[in-house]
Amino acid sequence: MTTAQALPSALSLGWRRTRIEVKQLFRDKESAVFTFALPMLLLVVFGSVFNTDIAPGVTFSQYFAAGMIASGIVYTSFQNLAITIPQERDDGTLKRLQGSPMPKVSYFIGKIGMIFIVYVIQVTLLMAIGIAFFGLSLPESAFKWFTFAWISVLGLICCTLLGIAYSSIPKTGRGAPALVTPVVLVLQFTSGVFFVFSQLPHWMQVGSSFFPLKWLAQGIRSVFLPEDFASQEVAGSWQLPAVAGMLLIWTAIGALLAIKTFRWQART
Amino acid sequence: MGNDYAIVAEGLTKSYGDLHAVRGVDLAIETGECFAMLGPNGAGKTTCTEIFEGFRSRTSGRVEVLGQDPDTAARAWKARLGIVLQTSRDLTDLTVAESVSHFAGYYPDARDPAEVIEAVGLSEKSGARSMSLSGGQRRRLDVALGIIGNPEVLFLDEPTTGFDPEARRQFWDLIDGLKDDGTTILLTTHYMEEAEALADRVAVLARGRVVACDSPAELSGRQDGTAIVTWLTPEGRKSVQTSTPTNTVSELASQFGGEVPELSIARPSLEDIYLSLIESEEASA
């Protein structure tokens, strides 16, 4: 018998997973392009076509840039995981990990680490384009930077957990994009990303208020749009406490569902 | 501690609804033994293996692997196993060296990655991405990842499917080396010559049960089975089945007055024994 040596800690293995996840993402050219180029392309196309004023001193492009940054949170966490986890279930990644002494929590730490890195890169690119071409300006006060930070972190954690939970729905990796992207796309239309939220039909506003993207977009607008634009919002204010509240509720729901439903293996 | 057995199963069953995949398997695999499970697809080999590995929970029966119940065993137990699954398409964008080094970090007592890559014969491909590997090379990477943690028990599920004969020989040498190091190996395979070359004992599974279990040479009375003597007569090839082949040959020798043309004596191969076991099992179904 060999003497028992200490197992590596879950946290250090989580960091190990983060590094390998990022490496794999950048090696896979197609998914790297999909991850980074698509949001930028959408921003450029929509921002250029609908470059009209929606309020004094505020263009739709600015409004849309804020919405795309909020979408970036959903893309990098929810959409990414809900598609890649079923693929990893199919190609044997998860089963190999399940058979190793790596704890499950390290896998999730790895995912969260990768998502934060991807998000920072993506949001930097989107902000750069927004500032260069669409009249976006950097957050003007420490308070706005702080708002930007907590919405990003809370939003990423929330949507990561929801992505893990949603990953149990697609039966195969091949079918995953078809079950995931429409959900995100519809929410973008109804949550104030592609259209100005206050101009949507009332029932649509109410419906999308149950989901996180509406609140993420509104919160991010509070960071990037002029302060007096708050009066143009449906509630007449940015409703930051409500943003935090909704994200926390969805984080709790996501955590519960993720723990209850996550499966290493495909249903047999 | 009396850990004479690395893997023990008693009355092991596994059902999926009405489907009884495993129907009462008893096995005791000794520490350091290389044990092969043979059987047609659907016989329950993979199900048994996956229960031992902790991937599936059993319906009933007792299972102990390295003295612990796989259903409840912790990380430290998993660190003592090496698992080579049937097929995988993961890790395609990483190089062989990156994959092996990454997995080495999971274990408390891992082997040296470069040494393991050398042992599976992938040194030349060390810097190549997995997606560029041939089927056999890809399988060797799977084995490298299975043994990187320096396992006490190694599970090999159809490890050489798709290998060319030379690659298979090399693979057998690799497994022989692990056996010499005292690793317990549970192998499932469809290749009889593989079981014969590697296994100390083989079990034949059919319809969820062990129908025979012995050394490859003695399985199901193989050693005292009848031999087939074949030779060439002016009318063509002739053969007889006999339990006394030496007698038959000396009779033939005197008949021919010396050399018997194209004489051969064949014992039933492991495959013959296996097929007759499976046939009689299916006939009784």
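Projection of the Cα convex hull of the stretch A:24-89, averaged over all directions and equal to a quarter of that hull's surface, yields 5.0 nm².
Give me the mean projected area, in nm² to one decimal, of the convex hull enclosing the Cα positions of the stretch B:225-283. Write down the numbers at each step before the final one.
Numbers: hull surface 19.6 nm².
With every direction weighted equally, the projected area is 4.9 nm².
A DSSP coil position with no more than 11 other Cβ atoms inside 10 Å describes none of the trypsin sites (Lys or Arg not before Pro) in the stretch B:8-83.
Using the Cα centre of the protein assembly as shown as the reference point, and only Cβ charges (+1 on K/R, -1 on D/E), how large is the resulting charge dipole? Debye, rounded to the nearest 20.
Charge dipole, the protein assembly as shown, about its Cα centre: 2380 debye, nearest 20.
For residue A:162, the solvent-accessible surface computed with a 1.4 Å probe is close to 20 Å², ligands and nucleic acids excluded.
Helix B:135-147 and the longest principal axis of the C-alpha atoms of chain B enclose an angle of approximately 60°.
Here the label points at residue A:206 and residue A:150, each 7 Å from Cα along the C-beta direction, are separated by 3.0 nm in the simple model.
Averaged over the residues of peptide A:94-107, the number of Cβ atoms from other protein chains lying within 10 Å of each residue's Cβ is 6. Spread over its residues, the convex hull of the C-alpha atoms of the stretch B:87-127 is 82 Å³ per residue.
Inter-label distance, residue B:114 to residue B:128: 2.0 nm, where each label sits 7 Å from its Cα along the C-beta direction.
What's the FRET efficiency of residue B:271 with residue B:87 using the Cβ-Cβ distance as r and R₀ = 22 Å, to the nearest 0.05?
Numbers: r = 24 Å, r/R0 = 1.10.
My answer for the efficiency is 0.35.
Taken over the stretch B:54-149, the convex hull of the Cα atoms encloses 105 Å³ per residue.
In debye, nearest 20, what is the charge dipole magnitude of the stretch A:10-261 about its Cα centre with +1 on Lys and Arg Cβ and -1 on Asp and Glu Cβ, if you could check?
1140 debye
In this label model, residue A:27 and residue B:233 are separated by 6.6 nm, measuring between points 7 Å along each Cα→Cβ vector. Taking every residue in B:156-162 and counting other chain Cβ atoms within 10 Å of its Cβ, the average works out to 0. Helix content alone sets the calculated 222 nm mean residue ellipticity of the protein assembly as shown: runs of n ≥ 4 DSSP H residues at -39500 (n - 2.57) each, divided across all residues, give -16000 deg cm²/dmol. Among the protein heavy atoms, those of residue A:124 account for about 80 Å² of accessible surface (1.4 Å probe, every chain in place). Note on residue B:283 and residue A:51: with the Förster distance fixed at 60 Å, the Cβ-Cβ geometry gives a FRET efficiency of about 0.15.
Note on the stretch A:10-161: Cα Rg divided by 2.2 N^0.38 Å, N the number of residues, gives 1.18. Taking springs between alpha-carbon atoms closer than 10 angstrom, which of B:128, B:266, B:73 fluctuates most in the Gaussian network model of chain B? Comparing B:128, B:266, B:73 in the GNM, the peak value goes to B:266.
For the stretch B:153-285, the Kirkwood estimate of the hydrodynamic radius, built from every pair of different alpha carbons, is 17.5 Å.
If ligands, DNA and RNA are left out, what is the accessible area of residue B:190 with a 1.4 Å probe, given in Å² to the nearest 10? Ignoring ligands and nucleic acids, residue B:190 comes out at about 80 Å². What the pair-distance distribution of the stretch A:72-142 shows, using all Cα-Cα distances binned every 10 Å from zero, is 17, 36, 25, 13, 9, 0 percent.
Residues A:123, A:49 ordered from highest to lowest accessible area at a 1.4 Å probe: A:49, A:123. Pairwise Cα distances in chain B exceed 32 Å for 36 percent of all pairs. Result for chain A in a Gaussian network model with C-alpha springs under 10 Å: among A:120, A:196, A:45, the largest mean-square fluctuation is at A:45. Shown here are the Rg and Dmax of the Cα trace of the stretch B:171-224, at 12.0, 34 Å. Taking every residue in A:17-27 and counting other chain Cβ atoms within 10 Å of its Cβ, the average works out to 3. The mean of 1/r over all distinct Cα pairs in chain A, once inverted, gives the Kirkwood hydrodynamic radius of 19.4 Å. Between the Cα long axis of helix A:104-133 and the first principal axis of chain A there is an angle of about 30°, rounded to the nearest 10.
Cross-link partners of residue A:95 among lysines, defined as those whose alpha carbon lies under 25 angstrom from its own and excluding same-chain residues fewer than eight positions apart: A:23, A:29, A:104, A:111, A:171, A:260, B:14, B:45, B:78, B:125. Stokes-Einstein D for the stretch B:26-185 at 10 °C, 1.306 mPa s, Kirkwood Rh over Cα pairs, in µm²/s? Estimated diffusion coefficient is 97 µm²/s.
Rounded to the nearest whole angstrom, the semi-axes of the ellipsoid equivalent to the protein assembly as shown, taken from the Cα gyration tensor as √(5λ), stand at 63, 23, 22, largest first.
The values are calculated or read from the model by the stated rules, or taken from the named source; none is laboratory data. Owing to the predicted nature of the structure, the values given are computational and were not obtained by experimental measurement. No Cβ is skipped: glycine too gets one built from the backbone with ideal geometry, and neighbour counts run over all protein chains shown. Remember, those area values only see protein heavy atoms, side chains included, never the ligands or the DNA or RNA. Shrake-Rupley method; radii C 1.70, N 1.55, O 1.52, S 1.80 Å.
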